[in-house]
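Note sheet for the following structure.
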């Protein structure tokens, strides 16, 4: 059983990394002036949404206007990708210093059945308290996932429970809610920080 669990974990991570590479390549191809390219954006990423944060308050895309923000899709039962990504973003916020207050970091659950606001609140406490956890109804989560071209899939496990395969990239949005690029899963810390600094400076 231990070997099987490890194999399952490897398959889950590989799937998430693959999704991250796909979306990372997409982000690189679509990035505009922030990354010094004049390429014309051909795919719309982002859009209106209404979700519920870990305090139970409603948050919309309109509430985010005026500050750049990042969006990461995951779930609290995630064994590797989500805690790693949230820890890395927590470290990035520390490294940004005072500039961290110019950025919003969003964690959108793709498992709203289990990830209630209370569950998200307890989970987020393990990371930087500036990270905003978001959940909602199945329909609300599906709508925001479609807007951001995010992928996820429920996968049954042998013990009768389930896990989720999901996009592992972080979407970067400017102060007007426009997509400008991605941060790949386990991207080098200095590259991640430089991308966030450029995101803040360009907004």
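No value in this document is a laboratory result; all are computed from the given coordinates. As the structure is a computational prediction, the values presented were derived from the model and not from experiment. Positions of Cβ are backbone-derived with ideal geometry, glycine not excepted, and every protein chain shown enters the neighbour counts.
A few remarks follow.
- Relative packing of peptides 142-148, 95-101, 162-168 - highest average C-beta neighbours within 10 Å first: 162-168, 142-148, 95-101
- The fraction of Cα-Cα pairs per 10 angstrom bin, counted from 0 for the range 84-203, comes to 12, 41, 36, 10, 1 percent, rounded to whole percents.
- Label sites at residue 63 and residue 84, each approximated as a point 7 angstrom past Cα along Cα to Cβ, lie 3.1 nm apart.
- Förster-model FRET efficiency, 45 Å R0, residue 102 and residue 158, C-beta, rounded to 0.05: 0.50
- Placing a pseudo-label 7 Å from each Cα along the Cα-to-Cβ vector at residue 189 and residue 121 gives an inter-label distance of 3.2 nm.
- When both bridge partners sit in the range 92-203, DSSP labels roughly 70% of those beta bridges antiparallel.
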